[in-house]
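Q: Just passing along the structure, written as structure tokens.
The numbers here are math on the coordinates, done by the rules we state, and not lab data. Not measured: the values here are computed from a predicted model. Note that each Cβ is placed from the backbone with ideal geometry, even for glycine, and that neighbours are counted across all protein chains shown.
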């Protein structure tokens, strides 16, 4: 295992939680294993491993980018990750305010609903 993959696996577990990573790894097949390696090394072992900005800031950026680009499927996962990164619901709300202005109200509106529902599932009152 490369250092980047080992670091990526560790950071992915720290941010997303061991249960999530274990489920993803258990579902990995020969078909998608190269993709899992790519995101583990690239996203987690390179981008998330950088200490240039905090994990809190990285969470806010990730959620804003997912919403701005309309990649809504991963928003609940990254909302759940905020419990480990330190991004508060207020931080997320502010990031999504930026999405509304710079990328469009419909995308921010959808992301806010997903965030609201996910926080409710987490037992976090808003």
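Q: Given axes a ≥ b ≥ c from the Cα gyration tensor, I'd like to know whether the stretch 53-126 is rounded (a/c under 1.5), prolate (a/b larger than b/c) or oblate.
A: Values: a/c = 1.65, a/b = 1.22, b/c = 1.35.
Taking the square roots of the gyration eigenvalues as a ≥ b ≥ c, the stretch 53-126 is oblate.
Q: With a ≥ b ≥ c taken as the square roots of the eigenvalues of the C-alpha gyration tensor of the stretch 1-52, please select rounded if a/c is under 1.5 and otherwise prolate if a/b is larger than b/c or oblate if it is not? Walk me through the numbers before you get to the answer.
A: Details: a/c = 2.29, a/b = 1.37, b/c = 1.68.
It is oblate, given that a/c is not under 1.5 and a/b is not larger than b/c.
Q: Run the numbers on the chain and let me know its relative contact order in percent, using alpha-carbon pairs under 8 Å that are six or more apart. Before the final figure, lay out the partial values.
A: Numbers: 124 pairs, mean separation 31.6, N = 126.
Rounded, it is 25 percent for the chain.
Q: Cα convex hull of the chain: how many Å³ per residue? The partial results should precede the final answer.
A: Numbers: hull volume 13.4 nm³, N = 126.
Convex hull volume per residue, Cα atoms: 107 Å³.
Q: Separate question: Compute the distance in nm between two label points, each set 7 Å from the Cα along the Cα-to-Cβ direction, one at residue 83 and one at residue 56.
A: 1.9 nm
Q: At a threshold of 8 angstrom on Cα-Cα distance, excluding pairs fewer than six apart, so keeping six or more, what relative contact order does the stretch 1-52 reach in percent?
A: This gives 63 percent for the stretch 1-52.
Q: Per DSSP H run of n ≥ 4, the term is -39500 (n - 2.57); total these for the chain, divide by its residue number, and report the mean residue ellipticity at 222 nm rounded to 500 deg cm²/dmol. Could you put the intermediate results ahead of the total?
A: On the way: 7 runs with 86 residues, N = 126.
Calculated from helices alone, the mean residue ellipticity at 222 nm is -21500 deg cm²/dmol.
Q: May I pose another question? Quick one: among 27, 36, 97, which has the greatest mean-square fluctuation in a GNM of the chain with alpha-carbon springs under 10 angstrom?
A: Top of the fluctuation ranking is 27.
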